[in-house]
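Report on the following structure.
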Amino acid sequence: MADMITYREAVAEGLAREMRRDPSVVCLGEDIGAAGGVFKTTAGLFAEFGPERVRDTPISELAIVGMAMGAAMTGIRPVAEIMFSDFLACCWDYLANEIPKMRYMTGGQVSVPLVVRTANGGGLGFGAQHSQAVENWALAIPGLKIAAPSTPADVIGLLAAAIRTDDPVVFFEHKGLFASRGEAAPDGHVVPLGQAAVARPGSDITVVALAATVPIALAAAEELATSGIQAEVIDLRCLVPLDMATVLASVGRTSRLLIVEENPYQGGWGGTVASIVADEGFELLDAPIRRVAAACVPLPFADALEDEVIPTTAKVTGALRALLAY
Amino acid sequence: MTPDVGSGLLLSLYEQMAVIRGTEQAAHDLFLAGLVKGTTHLAAGHEAVAVGSSAALEPDDYVFATYRGHHHAMARGASPAECLAELMSKATGVCKAKGGSMHLTKAAVGMLGSYAIVGAHLPLAAGAAWSARLRGTSQVAVAFFGDGATNIGAFHEALNLASVWALPVLFICENNQYMEYTPIGSVTAADHPAADRAASYRLPAEVIDGNDVVAVADAVGRAATRARSGGGPTVLEAQTYRHFGHSRTDPATYRPQGELERWLEYDPLVVARRRLTDLGVAEGDITAVTARAAQTVADAVAEAKAAPDADPAEAFTDVWADGGCQWRT
């Protein structure tokens, strides 16, 4: 049996592999050094690479991402950590106005090869300012690549691709997955950005998921399998580039599509996926496209309330049954 | 290192300032003629800050400027023709007409951009300085910014972290006395909005004469030497004045009567001419250089006017590293 590794350990392992490979890769963020990160996703890096390549910063998100951008423009490959994705709002200027526009508005003169890593999503009871799934914020901005892995091996493989590309990447690590385990990635493992994975093959209905909604979709698919229904689960892995070829090919086989996303229904990424399928795959469909997304309210604190708002296996199972009965 | 500004170098700096002044006037006139669209934030009056700083910097140093940045682009080596072509939406624009007046950039000469979100580029300069140290070079990075930027968070976050990390970065404020339409003193709890804040970040600061190209070169040279030797950042606050309003639509009627006239008597070109005369440079030599600068500008205007318009296909290039704009398969 292959070695097993947690999603949390995979983040540190993925960073370490790239830092060993390329001396221009550096990390900066709050408490990422000797403390190893509040989620322990940088554990061991400070000891191996030292304080100049694994830099602790103040609580200063503008300086973290702004300095990463300036360094990226001048020959360094920085990986900036924003502790909780909610805090991206504190440095949103860089993600909205500066980083994604630099190459374009200089007519191709300047590249910004950086990664902004951040702990995203709910399910841990952190309340409205530490639990949001905000990958759709980044999707609103042309010029940012967006990765959101669901397995430890994908964490390592996508992190390698994100660090190596000359394009800026926002890398969403899901808080609810940090303790999950999976097979370790082999040496040199790289998952190209923009290639979805078929997490579970099936012929009856397509479920498109991302990050923490992948295990939810897989659990729902297993439940339906006991009734003889085979759902195909597609792990998008990235929102930009968005692998619609894989989604459309699957819908061509199943003729039904459910999208499971943790960001809010209003403005969520599933709306983009649905619009492309409606536009380019209308004749493939035998049922309406449905979305299970977070409700359009702030994230509540109590588990009983949070479960009402974000996708759960029961909600996905219910939506699948309803779509199959259409 | 602080340059020894003798008469030969000073005459050259004077000519650069005269070219920038003429180009800014041309940009103004081309706008009124309908050949420049959008808006412009002209730097007429600020020339000494850009030209004096450039004289004190090395070719591989990094410069980050604001949306009022034409003077920095040209002082660093962008040609007046490619700057005007950018403003005029021409294919030969310094950013292929994809940036415009507010985003002049010439990376090949270390001019790493003009930024139109106030204060955003101060952390970028600190990051470039960190990069220089990581790569083991002796480069310094310079952020030029207006007095209005000193009240925004990025200014304070950049100064703090640059100080803690002792980075080779210079923070140079062009204090032109107005935050857009508002006197800076009426919205700032400091007499010198940049320099007075430096001490709270354990940074040295100087208030300098931003209209005297020699004084600017001297101060920037000393600060750069200090930064290169590991002494960390310096804050310079250059006192200056803009001749035009904040932007194209601003006639600057809020300025007290006589204020502009007083500053025009102490304009960077006037100050430089006075210094040249004091150094014994003949009036005829100054006049000849002035005429040559005017010809340079006239040639640049003609070149930009004659250039082809931007190719519409360029709207779909330069988003990603592969040169294209594909976001999905």
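Annotations
- Out of A:Glu48, A:Glu9, A:Glu13, sole residue that is in the same structural domain as A:Arg164 (by TED's automatic domain parsing), more than 22 Å from the chain's Cα centre (by Cα), over 25 Å from A:Leu95 (Cα atoms) and acidic (Asp, Glu): A:Glu48
Results for (1) touching a Gly at 6+ places or on another chain (Cβ under 6 Å); (2) at pLDDT 95 or above; (3) not hydrophobic (A, V, I, L, M, F, W, C), shown as yes or no for each residue.
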{"residue": "B:Ile20", "(1), (2), (3)": "no, yes, no"}
{"residue": "B:Gln25", "(1), (2), (3)": "no, yes, yes"}
{"residue": "B:Leu30", "(1), (2), (3)": "no, yes, no"}
{"residue": "B:Thr39", "(1), (2), (3)": "no, no, yes"}
{"residue": "B:Gly45", "(1), (2), (3)": "no, yes, yes"}
{"residue": "B:Val51", "(1), (2), (3)": "no, yes, no"}
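- Total residues in the range A:279-299, condition in contact with a Leu (Cβ under 8 Å, 6 or more places away or on another chain) and either of a type in the set (A, V, I, L, M, F, W, C) or outside the structural domain of A:Thr246 (by TED's automatic domain parsing) (or both): 5
- Between A:Ala153, A:Ala161, the distinction of being more than 26 Å from A:Ala72 (Cβ to Cβ) and outside any loop (DSSP other than H, G, I, E, B) belongs to A:Ala153 only.
- Looking only at residues of the range A:213-229 that are out of contact with any Asp or Glu (no Cβ under 6 Å at 6 or more places or on another chain) and crowded, with 24+ Cβ neighbours inside 10 Å, we find that the one that is farthest from A:Pro311 (Cα to Cα) is A:Ala221.
- Residue within the range A:279-293 that is of a type in the set (A, V, I, L, M, F, W, C), more than 15 Å from A:Leu224 (Cβ to Cβ) and either at pLDDT below 95 or part of a helix (DSSP H, G or I) (or both) present: yes
- The set of residues in the range A:65-76 being buried (at least 22 other Cβ atoms within 10 Å of the Cβ), in contact (Cβ under 8 Å) with a residue 12 or more places away in the chain and either more than 8 Å from chain B (Cβ to nearest Cβ) or among the small types (Gly, Ala, Ser) (or both) consists of A:Gly66, A:Ala68, A:Ala71, A:Ala72.
- Lone qualifier among B:Gly127, B:Gly146, B:Gly136 - being under 16 Å from the mean Cα position of the chain (by Cα) and at pLDDT 95 or above: B:Gly146
- Residues in the range A:121-136 include none that are more than 19 Å from the chain's Cα centre (by Cα) and closer than 20 Å to B:Ala126 by Cα.
- Sole exception among (1) in contact with a Pro (Cβ under 9 Å, 6 or more places away or on another chain); (2) within 30 Å of B:Leu35 (Cβ to Cβ); (3) modelled with pLDDT of 95 or more for B:Gly232, by number: (2)
- Strands (runs of 3 or more DSSP E) contained entirely in the range A:1-61, each with at least 3 residues that are among the β-branched types (Val, Ile, Thr), in contact with a Gly (Cβ under 8 Å, 6 or more places away or on another chain) and surrounded by 13 or more Cβ atoms within 10 Å (Cβ to Cβ): none
- In the range A:93-107, the residues that are in the same structural domain as A:Met73 (by TED's automatic domain parsing) and closer than 16 Å to B:Met111 by Cβ reach residues that are surrounded by 23 or more Cβ atoms within 10 Å (Cβ to Cβ) and polar (S, T, N, Q) with C-beta atoms within less than 9 angstrom, at least six apart or across chains, in these pairs: A:Met102/B:Thr105; A:Met105/B:Thr105; A:Thr106/B:Thr105; A:Gly107/B:Thr105.
- Leading residue by the ranking (surrounded by the fewest Cβ atoms within 10 Å (Cβ to Cβ)) among those in the range A:111-148 that are of a type in the set (Val, Ile, Thr) and touching a Pro at 6+ places or on another chain (Cβ under 6 Å): A:Ile141
- Within the range A:23-43, not a single residue is within 22 Å of A:Pro241 (Cα to Cα) and either among the aromatic types (Phe, Trp, Tyr) or outside the structural domain of A:Pro241 (by TED's automatic domain parsing) (or both).
- Count of the range B:107-117 residues which are surrounded by fewer than 20 Cβ atoms within 10 Å (Cβ to Cβ), more than 7 Å from chain A (Cβ to nearest Cβ) and not small (Gly, Ala, Ser): 1
- Every residue from the range B:119-166 that is without any contact (Cβ under 8 Å) to a residue 60 or more places away in the chain, more than 9 Å from chain A (Cβ to nearest Cβ), surrounded by fewer than 21 Cβ atoms within 10 Å (Cβ to Cβ) and farther than 18 Å from A:Ser60 by Cβ: B:Gly136
- For the range B:62-96, the tally of residues that are among the hydrophobic types (A, V, I, L, M, F, W, C) and at the interface with chain A (Cβ under 8 Å from one of its Cβ atoms) stands at 3.
- Failed item, numbered, when A:Thr272 is tested on (1) under 14 Å from A:Asp204 (Cα atoms); (2) touching a residue at least 60 places away in the same chain (Cβ under 8 Å); (3) under 22 Å from the mean Cα position of the chain (by Cα); (4) part of a helix (DSSP H, G or I): (1)
The values are calculated or read from the model by the stated rules, or taken from the named source; none is laboratory data. Since the structure is predicted, the reported quantities are computational estimates derived from the model, not experimental observations. Methodologically, a virtual Cβ is constructed for each residue, glycine included, from the backbone with ideal geometry; neighbour enumeration extends over all protein chains shown.
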